[in-house]
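Everything below concerns the one structure shown next.
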Amino acid sequence: MIHLTEKKKITIMIAIMVAMFFSAINQTIIGVAMPRIIAKLGGMDYYTWAITIYLLTTTVATILVGKLSDIYGRKPFILAGIGLFTIGAFLSGLSTNIFQLIAYRSITGFGAGVIMSTAFTAIGDLYLPRERARWTGLMSGIFGISSVLGPLVGGYVVDHLDWHWVFWIFLPLGIIAFMMIAFLFPKVPRREGETIDYLGSFFLTVTIVALLLAFSLAGEGPGKYAWTSWEILGLFGLTIIGLAAFIVTESKVKSPVLPLSLFKNDIVTMSNMAGFLLGAGMMGVMIYAPFFIQGVKGISPSGSGYIMMPMSIVMVLATAFAGQLMTKTGKYKGLAIAGLLTTTIGIFLLHFITIDTPIYLLIMYLCIVGIGLGASMPVFSLTVQNAVPLRQLGVASASSQLFRSLGSTIGIGILGTIMGSRMASRLTEMYTGQSTGQSQLPPEQAKQFGELMNPQVLLDQPKLEQIQKQLPAEILPYAEKMITSVREVFSDALTSTFLAGAIIMLAAVVIAVFLRAVPLVSEKDHQKQPRKSEKASGA
């Protein structure tokens, strides 16, 4: 595909970008809407599972499809990914409880993993590394644009329409994306001499699922287990056994699903480590910032979308700039360090926000995070692709997506545990010896007053206002005091996750410092010195 005309390449890229936008907008539209959806469906204790299961199935799909697409080509898999994503999104809108939502989100996540893996790898099929930088920046910009539109649309839908439409409003775009890929994306012949590594795929899946389940189930609250419980220790044990079996299998099979030789390349290893930490650290902002805006500041979902929008805009601009800079200079290390360091500073500043922090200051801190993420996110997929030969492009790109997804999921587990533990201890302190006035109420009103002690009610402003209106006037001062106290507890728990996210991101900066820089190969280099460019590509 690298020898196609530029016009044909651009046509294919447009089709890929439509598919990516469909996937991305359906992810970002849910961000600000999820607090309200959880408030409607119930089950805040299982909130992270609606995100975790999506990331888990995305991770599994990404790595399994990477090798298969190297053998059979990208087209059938990106079509399958769009189809699964569409079905999962449609079913998610039919959910009547949190457990149905979690199940349907798993289908959506598998489709998203297939789309992401094949779409980013397809850039490598079409362009050499230096030209890939521009398109990788534009593809990452798709996520930025969707990050601008998604929160706005999601907030509007849950404020003015039924929440089910959050999942359904962009489904027609999925049909368009499917048709464009079907007609425009070229089909390539099956690569001969390659076999499917079923056993390695099985052990890799066991390893990933056991590891992510361990981090997702560990913690406090309903459905959670202590870190030292036999359930969690058993899952970690299964992870070790699965990993050992996977390593033995991959060292013997002819066509491994994830060649161990990839990790002998220090650029691949360091890039994937940095991507892992980037995925873990950024979760502190992407997931918990809307919670702070809606739960602590008491702002509506649509208002939350407007507050998050500046961060998304500067992320798009930073991503475009990063892509152009890497294309022009062929260098990436300085950009990676600067981007990660800026993100670290932005997340660290979020640690200091409180219930009284002005909105303009919150937006400023989020914009700093957006600049850093925009500059650093396109880098590590590109460095991995630049470090391997074309025949390993799919599996190498999948490894990059794998480690970022692993980081995101494990990050959610760690940050969720930190938030839950901090909230539980603060709520205990607040309730101990505090006079609430609840004993003065009839049973029905006492039950409503008790709901104010649950941080979940802060995420549903209409319900909160309804409870306040139904309480007697003499109890309202107690209710307002209770709401303020719970907001402060929620704020303290959330800002603790931001601090943890900043520490994780700082570790990514350290990794980036030791990343070996290899100039990006350009089309001009390939034409002039094909053999040397191949060596550089496989360095």
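Of note:
- Scan of segment 158-176 for residues that are part of a helix (DSSP H, G or I) and under 16 Å from Ile38 (Cβ atoms), ordered by number: Val158, Asp159, Val166, Phe167
- Restricting segment 262-272 to residues that are in contact with a helix residue (DSSP H, G or I) (Cβ under 7 Å, 6 or more places away or on another chain) and modelled with pLDDT of 80 or more, the residue that is farthest from Leu56 (Cα to Cα): Ile267
- Reported count of residues in segment 336-377, each being modelled with pLDDT under 90, of a type in the set (Ser, Thr, Tyr) and open to solvent by less than 50 Å² (accessible area, probe 1.4 Å), is 2.
- Against the conditions (1) within 25 Å of Gly339 (Cα to Cα); (2) under 27 Å from the mean Cα position of the chain (by Cα); (3) at pLDDT below 80, Arg487 satisfies every one except (1).
- Pairs, first touching a residue at least 60 places away in the same chain (Cβ under 8 Å) and polar (S, T, N, Q) in segment 168-183, second in a loop (DSSP other than H, G, I, E, B) and open to solvent by less than 80 Å² (accessible area, probe 1.4 Å), C-beta under 8 Å, six or more apart: none
- Gly437 out of contact with any strand residue (DSSP E or B) (no Cβ under 7 Å at 6 or more places or on another chain), modelled with pLDDT under 70 and at positive phi: yes
- Assessment of segment 410-428 against the conditions (open to solvent by less than 40 Å² (accessible area, probe 1.4 Å) and either at pLDDT 85 or above or not in a helix (DSSP H, G or I) (or both)) yields no matching residue.
- Picking from residues in segment 156-168 that are hydrophobic (A, V, I, L, M, F, W, C) and open to solvent by less than 70 Å² (accessible area, probe 1.4 Å), the one that is modelled with the lowest pLDDT is Val158.
- Any chance Gly275 is closer than 18 Å to Leu340 by Cβ, surrounded by 20 or more Cβ atoms within 10 Å (Cβ to Cβ) and either at pLDDT 85 or above or of a type in the set (Gly, Ala, Ser) (or both): yes
- No other residue among Ser300, Ser312 is on the phi < 0 side of the Ramachandran plot, crowded, with 24+ Cβ neighbours inside 10 Å and either touching a His at 6+ places or on another chain (Cβ under 7 Å) or of a type outside the set (D, E, K, R) (or both) apart from Ser312.
- Near pairs, Cβ below 7 angstrom, 6+ apart or cross-chain, from segment 194-218 (at pLDDT 80 or above) to any residue that is open to solvent by less than 50 Å² (accessible area, probe 1.4 Å) and among the basic types (Lys, Arg): none
- So Ala33, is it crowded, with 23+ Cβ neighbours inside 10 Å and either in contact with a strand residue (DSSP E or B) (Cβ under 6 Å, 6 or more places away or on another chain) or at pLDDT 80 or above (or both): no
- Note on segment 81-110: among residues that are within 19 Å of Gln401 (Cα to Cα) and open to solvent by 50 Å² or more (accessible area, probe 1.4 Å), the one that is modelled with the lowest pLDDT is Phe110.
- Enumeration of residues in segment 126-146 that are assigned to a helix (DSSP H, G or I) and modelled with pLDDT under 70: Pro129, Arg130, Glu131, Arg132, Ala133, Arg134, Thr136, Gly137, Ser140, Gly141, Gly144
- Scanning segment 223-238 for residues that are in a helix (DSSP H, G or I), open to solvent by 60 Å² or more (accessible area, probe 1.4 Å) and without any contact (Cβ under 8 Å) to a residue 24 or more places away in the chain turns up Trp230, Leu233.
The values are calculated or read from the model by the stated rules, or taken from the named source; none is laboratory data. Quantities reported herein were computed from a predicted structural model and do not represent experimental measurements. Neighbour counts run over all protein chains shown; Cβ positions are idealised from the backbone, glycine included. The protein model used for the area step is the full one, side chains on, heavy atoms only, and it has no ligands, DNA or RNA in it. Shrake-Rupley method; radii C 1.70, N 1.55, O 1.52, S 1.80 Å.
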